[in-house]
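The block underneath contains the structure these notes are about, expressed in structure tokens.
The values are calculated or read from the model by the stated rules, or taken from the named source; none is laboratory data. The structure displayed is predicted, hence computed values, not measured ones. All Cβ positions, glycine included, derive from the backbone under ideal geometry; neighbour counts span all protein chains shown. Surface accessibility is based on the protein's heavy atoms, side chains included, excluding ligands, DNA and RNA. Shrake-Rupley method; radii C 1.70, N 1.55, O 1.52, S 1.80 Å.
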Amino acid sequence: RAEVVLAGHSGGGQLVQRYAVVGSDESLLRAAGIKVRYVVANPSSYLYFSADRPQADGRFAPPSVAFTCPRFDRWKYGWEDAPPYARQSTPAAYESRYMQRDVVYLLGGADTEPQGHDIDTTCAAESQGPVRLARGRSYMAYLRLRHPGFEPVAKEVPGVGHDGKRMIGSACGVAALFDDARSAAACTAQ
């Protein structure tokens with residue numbers, strides 16, 4: 001079966017995650033019998049569908065974050081001031097479509113440097129968590145809170161920090177890229 005895999009690490013991971021949300025070409029590929037998968041590895045931030053941000057206890061944070069960081073929900077972190085191509089539909093419609101897409105998240109188990117590797121240190125990014133690993137875990141919690149019963153495909157790559165080659169070359173990376181069940185067994189679910 002034919003398959004297209006869009007994969008990105010770091011800034012590329014951000015691009016792939018946003019494209020998985022607003023990209024509209026997938027239906028054409030599916031109609032032609034081509035499966036599409038998005039592999040999002042260690043992005044510095046995620047696009048949220050609402051102003052909610054999860055806390056460490058698994059609940060949504062109170063809206064006080066808006067007072068400490070008034071731009072936390074601005075585009076590329078949220079939908080405020082989204083560009084015209086991202087306003088062709090509503091955030092709710094994009095979210096509904098995104099939840100149906102084959103998105104695999106790869107999180108570096110050691111990607112925990114708060115000031116390293118070009119991490120986004122704006123207050124908008126930090127409202128998602130202090131480091132990339134925490135931001136990824138928070139985004140998975142966010143998806144679970146908004147969609148009870150949904151389990152995102154998220155794998156932590158043990159011992160790997162912000163290293164694209166080691167992320168993609170890991171058993172988890174190979175499993176994500178090639179839908180390889182044997183390699184997937186070596187991954188830990190987040």
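So between residue 112 and residue 31, what do we pick up on full extension, going 0.36 nm a residue minus the alpha carbon distance? Walk me through the intermediate numbers first.
Numbers: separation 81, 0.36 × 81 = 29.16 nm, distance 4.07 nm.
25.1 nm is the gain from fully extending residue 112 to residue 31.
Taking the solvent-accessible surface of protein heavy atoms with a 1.4 Å probe, what is the per residue accessible area of the chain in Å²? Working shown, then result.
On the way: 9230 Å² over 190 residues.
Per residue, the chain has 49 Å² of solvent-accessible surface.
Placing +1 at every Lys and Arg Cβ and -1 at every Asp and Glu Cβ, with all other atoms neutral, what dipole size does the stretch 99-180 have around its Cα centre, in debye to the nearest 20?
Values: 9 positive and 11 negative charges, 42 e Å.
Around 200 debye, computed over the stretch 99-180.
What is the magnitude of the charge dipole of the stretch 1-117 about its Cα centre, with +1 placed on the Cβ of each Lys and Arg, -1 on the Cβ of each Asp and Glu, and no other charges, expressed in debye to the nearest 20?
On the way: 13 positive and 12 negative charges, 56 e Å.
The dipole of the stretch 1-117 has a size of about 260 debye.
Quick one: order 106, 177, 29 from most to least accessible surface, probe 1.4 Å. Before the final figure, lay out each step's value.
Details: 106 0, 177 40, 29 60 Å².
From most exposed to least exposed: 29, 177, 106.
Once ligands and nucleic acids are excluded and a 1.4 Å probe is used, how much of residue 170 is accessible, expressed in Å² to the nearest 10?
20
For the stretch 99-190, what does the alpha-carbon gyration tensor say about shape, rounded, prolate or oblate, given a ≥ b ≥ c as the root eigenvalues, a/c under 1.5 as rounded, and a/b over b/c as prolate?
Since a/c reaches 1.5 but b/c is at least a/b, the shape of the stretch 99-190 is classed as oblate.
What accessible surface, in Å², does a 1.4 Å probe find on residue 90, ignoring ligands, DNA and RNA and rounding to the nearest 10?
Its heavy atoms expose roughly 80 Å² to the probe.
Apply the Karplus parameterisation 6.51 cos²θ - 1.76 cosθ + 1.60, with θ equal to phi minus 60°, to every residue of the stretch 33-44 and state each ³J(HN,Hα) to the nearest whole Hz, in sequence, with x for glycine and proline.
Listing the rounded values in order: x, 9, 7, 10, 10, 10, 10, 10, 10, 6, x, 7 Hz.
So, R0 is 41 Å and r is the distance between the beta-carbons of residue 180 and residue 60; what FRET efficiency does that work out to, to 0.05? Walk me through the numbers before you get to the answer.
Values: r = 36 Å, r/R0 = 0.87.
Using R0 = 41 Å, I get an efficiency of 0.70.
Would you rank 117, 162 by solvent-accessible area, highest first, keeping every protein chain in place and using a 1.4 Å probe?
Highest to lowest solvent-accessible surface, that is 117, 162.
How charged is the neighbourhood of residue 34? Take every other residue with its Cβ under 10 Å from the Cβ of residue 34, and add Lys/Arg as +1 and Asp/Glu as -1.
Computed value for this residue: +1.
Mind grabbing the base-10 log of I(q)/I(0) for the chain at q = 0.13, 0.14, 0.20 Å⁻¹? Debye formula, identical points on the C-alpha positions, no solvent, two decimal places.
Per q value, in the given order, log10 I(q)/I(0) is -0.66, -0.77, -1.55.
Quick check on the chain: helices-only [θ] at 222 nm, where DSSP H runs of length 4 and up contribute -39,500 (n - 2.57) each and the sum goes over total residues. Nearest 500, please.
Details: 9 runs with 67 residues, N = 190.
Theoretical 222 nm ellipticity from helices: -9000 deg cm²/dmol.
Once you have the Cα-Cα distance between residue 151 and residue 101, take 0.36 nm times their residue separation minus that, and quote the gain in nm to one decimal. Don't skip to the answer; put the middle values down first.
Values: separation 50, 0.36 × 50 = 18.00 nm, distance 1.27 nm.
Working it through step by step, the gained length comes to 16.7 nm.
If you roll a 1.4 angstrom probe over the protein chains with everything in place, what fraction of the accessible area of the chain belongs to carbon and sulfur, to the nearest %? Provide the component values of the computation, followed by the final result.
Working: 5120 of 9230 Å².
Its accessible area is 56 percent carbon and sulfur atoms.
Please report the net charge: other residues with Cβ closer than 15 Å to the Cβ of residue 79, K and R +1, D and E -1.
On the way: positive: 18, 53, 71, 74, 76, 87, 97, 146; negative: 52, 73, 80, 81, 95.
Value of the local net charge: +3.
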